[in-house]
Amino acid sequence: MPRIVIIGALVYDMVFDVPDWVQPNRAVHARRLTISPGGKGLNQAAAAKRLGAETVRLVGCVGDDMFGAEMVAALRDVGVDTAHIHAHPDARTSIAAIIVREQLPGFIGAPDASRRLSQEQIRHATADLRPGDVLLVGFETPQPLVEYALRLGRAAGAATMVNPAPFFTRDSFVIAYLPLIDLLIPNKLEAQLLMDSETDDVDQLGRGLLERGVGRVVLTLGEAGSILYEPGGTLVQQAFPVDAVDTTGASDAFVGAFCVGLTRGWDTRRTLAFASAAAGLTCAKPGTMTALPNIREVDRLLADAQLDASARVLDRRI
């Protein structure tokens, strides 16, 4: 069975559900606080494993402290391979405060250990990659290391996948390695940053990224669903209707689920629907790793959705 290798961050998340945004010299009392392991790399790895992936390996760094130890233990509990997660004695585990108002999150990050990832660590973790495996890298990883990992993945014949989040600034460096990416999964803002464009025309963004060398693009649009762009045309997936509580982990669930579909050899339609269902279910619970659904929940939602044509993939081939 093909394996999923994810290079990303482990971040201890503190999610505050608030009635209003914090203002200078003012206090806001949270309606709810959820504390759990997080970080996009960790969430994507946990999501893939909970959704049925046979082998998921996470490559990253934590501090030699209780937060790091708790996150590694949580990953082991769900079956993720943690052999390539390094604990640094002179670094603190990365922490994030996630402020959620009306289901929309804002982030305050304190990265430390997650920045200690090295080429040597990536090289060792990817040394046994083979054709059919999936290599996923996110932008929690420094740009030079993203390109380094993609080159190793491409040389090994693995499917290379990038989720360009979090994207802090327009970075021309990224454009140089877009042709190394078999599958790119950005949201609209990330696609705009990659294209250095302010257009709201999602088709222009998706096709523009294909023209710059990406193999396929899945543009995620929140409650508007997602669109897959490939050289032969497009597929549109409408979002599954759920009572949203917290959207923080939805994109990570989507990406992790898409990895599962790739390793199982599913067709594009099935993979896109599976990923969308996983993302929708994640929105219905507070927190990040704690909100990720299992495969039984996703299968049940997909089965129920067969009665609702709006939840199916729509064909927009061109």
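Numbers below:
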quantity	calculated
Cβ crowding within 10 Å averaged over residues, with 207-214, 2-9 ranked highest first	2-9, 207-214
Whether region 103-146 is rounded, prolate or oblate, judged on the alpha carbon gyration tensor where a/c under 1.5 counts as rounded	oblate
Cβ-based net charge around residue 104, under 14 Å, with every Lys or Arg adding one and every Asp or Glu removing one	-4
Rounded if a/c under 1.5, otherwise prolate or oblate - the chain, Cα gyration tensor axes	rounded
Rh (Kirkwood; distinct C-alpha pairs) - region 150-254, Å	14.4 Å
Relative pair counts by distance (%), Cα atoms of region 27-147, 10 Å bins	11, 41, 34, 11, 2, 0
Charge tally in the Cβ shell below 11 Å around residue 264, where Lys, Arg are +1 and Asp, Glu are -1, residue 264 excluded	-1
Cα-based shape type of region 107-183, given that a ≥ b ≥ c are square roots of the gyration tensor eigenvalues and the cut on a/c is 1.5	oblate
Fewest-first ranking of 88, 124, 29, using other Cβ atoms within 10 Å as the exposure measure	29, 124, 88
Residues of region 73-116 with amide N under 12 Å of the 7 Å Cα→Cβ point at residue 189	104-108
Packing rank of 73-80, 198-205, where each peptide gets the mean count of other beta carbons within 10 Å, highest leading	73-80, 198-205
222 nm mean residue ellipticity, helices alone, for the chain (DSSP H n ≥ 4; -39,500 (n - 2.57); rounded to 500)	-10500 deg cm²/dmol
Extension gain, residue 118 back to residue 30 (0.36 nm per residue minus Cα-Cα distance, nm)	27.9 nm
Residue order, fewest to most beta carbons within 10 Å, for 117, 10	117, 10
Alpha-carbon centroid distance for the pair region 203-247 / region 94-145, whole angstrom	22 Å
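Each value in this text was obtained by applying a stated rule to the coordinates, not by laboratory testing. Small disclaimer: the values here were computed from a predicted structure and weren't measured. Here the Cβ is made from the backbone with ideal geometry for all residues, glycine too, and neighbour counts use every protein chain on show.
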